[in-house]
1. Scan region A:346-363 for residues that are hydrophobic (A, V, I, L, M, F, W, C) and over 22 Å from A:N205 (Cβ atoms) and jot them down.
2. Of all residues in region A:197-207, which are closer than 20 Å to A:P220 by Cα and part of a loop (DSSP other than H, G, I, E, B)?
3. Of the residues that sit in region B:180-191 and are outside any strand (DSSP E or B) and at pLDDT 95 or above, which one is farthest from the other protein chains (Cβ to nearest Cβ)?
4. Within region B:338-367, work out how many residues are farther than 19 Å from A:I3 by Cα and touching a strand residue (DSSP E or B) at 6+ places or on another chain (Cβ under 8 Å).
5. Tally the residues that are farther than 14 Å from A:V212 by Cβ and surrounded by fewer than 23 Cβ atoms within 10 Å (Cβ to Cβ), restricting the search to region A:357-368.
6. Could you check region B:192-201 and list, in sequence order, the residues that are more than 14 Å from chain A (Cβ to nearest Cβ) and farther than 15 Å from B:L351 by Cα?
7. Inspect all residues belonging to region A:164-179 and state whether any of them is in a loop (DSSP other than H, G, I, E, B) and β-branched (V, I, T).
8. Go through region A:170-199 and give me each residue that's farther than 24 Å from A:A118 by Cα and surrounded by fewer than 16 Cβ atoms within 10 Å (Cβ to Cβ).
There are 2 protein chains.
Amino acid sequence: MSIRVGVVGGGQLARMMIPAAQALGVEIRVLAESEGSSAGLAATVVGDYTDWETLSFFAQEVDVLTFDHEHVPTRLLERLVADGVAVRPGPHALMFAQDKALMRERLSELDVPLPAWAVAADTHAVEQFLAEHDGVAVAKTPRGGYDGKGVRVVNTPHEVGDWLAAGPILLEQKVEFVRELAQLVARRPQGDSATFPVVETLQQNGVCAEVVAPAPDASPDIVAEAARIGQAIAEALDVTGVLAVEMFETASGQLLVNELAMRPHNSGHVFTEGAVTSQFEAHLRAVLDWPLGETTLRQPWAVMVNLFGDASNERIQAALEYSPHIRPHAYGKSARPGRKAGHVVAYGDDLDQVKTLARGASEAGRQH
Amino acid sequence: MSIRVGVVGGGQLARMMIPAAQALGVEIRVLAESEGSSAGLAATVVGDYTDWETLSFFAQEVDVLTFDHEHVPTRLLERLVADGVAVRPGPHALMFAQDKALMRERLSELDVPLPAWAVAADTHAVEQFLAEHDGVAVAKTPRGGYDGKGVRVVNTPHEVGDWLAAGPILLEQKVEFVRELAQLVARRPQGDSATFPVVETLQQNGVCAEVVAPAPDASPDIVAEAARIGQAIAEALDVTGVLAVEMFETASGQLLVNELAMRPHNSGHVFTEGAVTSQFEAHLRAVLDWPLGETTLRQPWAVMVNLFGDASNERIQAALEYSPHIRPHAYGKSARPGRKAGHVVAYGDDLDQVKTLARGASEAGRQH
């Protein structure tokens, strides 16, 4: 009888856990939102993860429960834990990935470097924060944002009037960064952790578009500091599974934490071919409390470029025609403008060549 | 609407096509022999592949039909082809992988080097072959043998009396070889082919136990001759998908073809981590008539060792505990002494180290 891992959410992250689960010989079951999801191959329940009956029925049939996303209400996860379900990461950790204000409060206590921030409940508080920060701020809804949604750069309180009507918002200093980095850490319940190489991420319209591993020209200090921050957060918050820490690098060489995710992350797709162990296998090994794998890179450079709009059979064929070295990943989604539908990875010794290859393949056969 | 690939047979080869199909964004459907098969995750039909109704129902629902094994009767495949099903490899090629005597007849016509052989219908013919070959021969049943089954080394006709009662048998010269090699070639219907590096295979009791890629100390002549033989057979027999050619290397540096398989093969498992493109993805890209991938190695050496008996959760954990560099592959099978239940791969710059690593991991936690 094989160990059963249950994944809440049927998106591409759950989809890409399937090959890892298969290789490890563990059974993977997915609670999908709808029929025909990305991870539909492993879907054993289709239903609403915010419905207690659906969620608890699914959880009872698995040995460990983990996630494709952070949206399961904490109170339901706490009930599961009380019922003896192994929820990894646990709600006591996941709450900090769900609520951006709570996360900043906790990381400030831990002396993790952050952009200046405040929670504002009314226009007066917004005015005050703007006055203290050169008249500009990044406003965020504390919950539910992703891929640039729930984020606005503002100069006046009335630009967030609609959000304030619904509740307090988070305000952050608009950091003048030179680039964005991401640090992935996989951590077991018993405490061991494994740190992936820090990567550089390029966003387009607030969405991750390209990732370079390792982050080019990163100083040994930056590399060490990124790993230290990642491990410190994983440890202090008792994260199990993969933790992704998105960071800004400033001109003065400081790292400031931007966001957290407690699951495999777009910035880690590059490791499937790029590293000895993929982030999906690392996540599963971590939530299973199994020995963690080697996370070093297999070659000097690896670059991931997202496929937006579609990853149709025709587009993947065009990418493969473009170069026999390209590694394609389609997410099994229908086409929609701007949608993350897949990604390609290239790797090798020469960063410029590898970038050109991955970008060229991502453009080949593009329809949307 | 995604292209659908149908795989007849639910064994580990079909199982390991699932991640490749998923990455390519094609739908994979499996016709499995029974519930709970290795490839059960993708099984859409469970039934008897020798039953026309079952097979044709399955074939009608896919865009291209391929195989986990060579056991589907040719006459059924010919009916499918007549009905317009894209069967790859087609029965006109597959018949040579199904019948060892037919294969030798055809390869002899093509001047492919083979051990001396004959078909014997009675004890007199066996006696004659033995007399001509120093009193020893390798006897094989023309059909249905695998993993050492259907093969006997014989010195007298009565050792194959039971087989002769059922029909003619194949006799082969017992070759004094220095080692065994395997050459994999992937070929598209339009004719393009891609050749993997030739590998060395080690058998235990007639079963593949270990594979080293590339074959150590292979002369450029041997490498070129192995590739030439693989390509010549793929071309002449019009194979589509992966063709595996098992060969003997003699002391004089000659290559003699031993057996053929027209599907991914145990000798090619090493390429999942070892090469840019896995044999499973190469097979799918070939049968889809898509651009073939790069088949070169990603590092100097890769070694695969089979896990016999079981690949239980405990054994895989023990292998991972043994080294964080080990790449595990469990087949989702119940334990049975001697059964191929999984494999591990290690890779790196130093062959001795890589071998030690893979062998050590395969022994870790061994129960059977």
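1. To start, the set of residues in region A:346-363 that are hydrophobic (A, V, I, L, M, F, W, C) comprises A:346, A:351, A:354, A:357-358, A:361.
Of everything in region A:346-363, those that are hydrophobic (A, V, I, L, M, F, W, C) and over 22 Å from A:N205 (Cβ atoms) turn out to be A:A346, A:L351, A:V354, A:L357.
2. Hits for region A:197-207 are A:P197, A:V198.
3. Start the filter on region B:180-191 by keeping residues that are outside any strand (DSSP E or B), which leaves B:188-191.
When the remaining residues are screened for being at pLDDT 95 or above, the result is B:188-189.
Numbers: B:R188: 12, B:P189: 14 Å.
Result: B:P189.
4. 18
5. 7
6. Kept after step one, since they are more than 14 Å from chain A (Cβ to nearest Cβ), are these residues of region B:192-201: B:197-201.
Within region B:192-201, B:P197, B:V198 meet the criteria.
7. First, the residues of region A:164-179 that are in a loop (DSSP other than H, G, I, E, B): A:167-168, A:173-176.
This time we only want the ones that are β-branched (V, I, T), so: A:175.
Yes, that holds for at least one residue.
8. Initial filter on region A:170-199 (farther than 24 Å from A:A118 by Cα): A:183-199.
Of everything in region A:170-199, those that are farther than 24 Å from A:A118 by Cα and surrounded by fewer than 16 Cβ atoms within 10 Å (Cβ to Cβ) turn out to be A:Q190, A:G191, A:D192.
The values are calculated or read from the model by the stated rules, or taken from the named source; none is laboratory data. Small disclaimer: the values here were computed from a predicted structure and weren't measured. Methodologically, a virtual Cβ is constructed for each residue, glycine included, from the backbone with ideal geometry; neighbour enumeration extends over all protein chains shown.
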